[in-house]
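A.B. asks: Take a look at the following structure, please.
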Amino acid sequence: MKRIIALVLSLTMILALCACGEEEAKLAVGETASTDIAQFTLENAEFAYYLSSVGNGNYLTPTDESNIMYAASTGHCFVSLTFTLTNIDRGGYLSFCDPFSEDQWKPNFVLKYEGKEYPVNSYTLDDKDGETFSMEYAVEVDKETAAYIKEIGTSNCLLRAGSTVTIRAAGVVAVDPENLTDGFELSVDVPNSKGEYETFTYAVPAMA
């Protein structure tokens, strides 16, 4: 009987350790998520109620100014994202941003705040719930300075093997955070060579 109890306890401990091992490891902002063909690095992420246009008007950045067009409706907020995409495949192009093709990489984001998950939707002026995340208002920026370079400007962007691009974009989430400086988690899908997506989660810390 003692042997049986000891065996049961041992199996319980092994299962518990396996469960801990299966818990998804969180990446820190600035770390890179990699598959065999692509890399994604979250450079910055933050909540905002208002966005200000910069450059040609498509570069939206968080602002405290409330008397502007880009304001999140009550019950919603913006999440401003800066991220770097790298094509690490041996050859060819990594195609992204095409909303009409199932084969293109559309960086879908899911935000987790206070235990609940919220999809990050595309920002539109007329629909507060938006659509699935797109880069309609996204621009290419300098990774080091975040300075505006050019708007994405097309629904089908091609990233040559070995090339990197840093993108600034904004989306909408259906939540009003207690404080805009609160931390949250952000999950993103990154493609692999099998035509599948691998999900990685970032832990975005609270802002000081």
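The values are calculated or read from the model by the stated rules, or taken from the named source; none is laboratory data. Bear in mind that the values here come from a model prediction, so they are computed numbers and not experimental data. So basically every Cβ, Gly included, is an ideal-geometry build from the backbone, and we count neighbours across all protein chains shown. Accessible surface is based on the protein model in full, side chains and every heavy atom, while ligands, DNA and RNA are left aside. Shrake-Rupley method; radii C 1.70, N 1.55, O 1.52, S 1.80 Å.
A.B. asks: Stretch residue 74-residue 90 to full length: gain in nm at 0.36 nm per residue minus the Cα-Cα span?
C.D. replies: Full extension from residue 74 to residue 90 adds 1.1 nm.
A.B. asks: Take the Cα of residue 44, step 7 Å along the line toward its Cβ, and report every residue of segment 157-174 whose backbone nitrogen sits under 11 Å from that point.
C.D. replies: Those under the cut-off are 168-169.
A.B. asks: Ranked highest first by the average count of other Cβ atoms within 10 Å around their residues, in what order do 27-37, 80-90 fall?
C.D. replies: The most tightly packed comes first, giving 80-90, 27-37.
A.B. asks: Further question: Enumerate the amide H contacts of residue 198 below 5 Å, restricted to partners 5 or more residues apart or on another chain; note that Pro and chain-start residues carry no placed amide H.
C.D. replies: Residues meeting the criterion, in which the H sits 1.01 Å from N, are 190, 192.
A.B. asks: Can you list residues whose amide H is under 5 Å from residue 31's amide H, if they're 5+ apart or on another chain and H is modeled 1.01 Å from N?
C.D. replies: HN-HN under 5 Å from residue 31: 42.
A.B. asks: May I ask for the net charge around residue 41, where only other residues with Cβ less than 14 Å from the Cβ of residue 41 are counted and Lys, Arg are +1 while Asp, Glu are -1?
C.D. replies: Here the charged neighbours net out to -1.
A.B. asks: Something else now. Could you rank the peptides 182-189, 160-167 by their average count of other C-beta atoms within 10 Å per residue, with the highest value first?
C.D. replies: 182-189, 160-167
A.B. asks: Express the relative contact order of segment 130-191 as a whole percentage, based on alpha carbon pairs under 8 Å and six or more residues apart in sequence.
C.D. replies: 32 percent
A.B. asks: Once the whole set of protein chains is in place, how much accessible area is left on residue 197, using a 1.4 Å probe, in Å² to the nearest 10?
C.D. replies: Here the accessible area works out near 100 Å².
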